[in-house]
Every structure is written in C-alpha cells, then in structure tokens.
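Trainee: A single structure is presented below for examination.
No lab work stands behind these numbers, since they all come straight from the coordinates. Because the structure is predicted, anything quoted here is derived from the model rather than measured. So basically every Cβ, Gly included, is an ideal-geometry build from the backbone, and we count neighbours across all protein chains shown.
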Amino acid sequence: MPLTLTFTDTDELLIAALHKRARAHGRSIEDEHRDILRSALRPLPKRPLDDILRSMPDVGLAADFERRS
C-alpha cells in the first residue's frame, strides 16, 4: 500500500542538502529520500560474539583489568 510522507517546517538547508545529494546520485529527491530511510532503518547484520571479540584491538595486559580492593 503506497504511503505519502509530508514534512512541514523543514530547515531549508536540509532540503538543499537533499537536493544536492539526489543530484550527485543522479536520482529524484523522492528516490534519494527513500534510500536514506531504507539505509537508516535497515536492520544491522548479526555477528557472532566470538567474531566481535576477535575484532577488538589488543589494548593492554590482563593485569590492567584486574579488580583492585
């Protein structure tokens, strides 16, 4: 079902930036707006915890993280 979005009281600089971005990508303002919304609302891909932990930089010694009384 098509939906129409209407924005009121939108900053002119924001509108100008949207026009500029649409021109740079060779598409209409509506297509650019859809792409921005799609990118912003797309779920992030899930990564396994071990993959995330392996990607973290080595930033110190184990002793640096020991609890001190």
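Trainee: On the given criteria, is HIS19 on the phi < 0 side of the Ramachandran plot and touching a residue at least 12 places away in the same chain (Cβ under 8 Å)?
Mentor: Considered against the rule, which asks whether it is on the phi < 0 side of the Ramachandran plot and touching a residue at least 12 places away in the same chain (Cβ under 8 Å), HIS19 comes out as no.
Trainee: Can you tell me which residues in segment 24-69 are loosely packed, with under 10 Cβ neighbours inside 10 Å, assigned to a loop (DSSP other than H, G, I, E, B) and of a type in the set (Gly, Ala, Ser)?
Mentor: Scanning segment 24-69 gives GLY26, GLY60, SER69.
Trainee: If you go through segment 1-23, how many residues are of a type in the set (Asp, Glu) and in a helix (DSSP H, G or I)?
Mentor: 1
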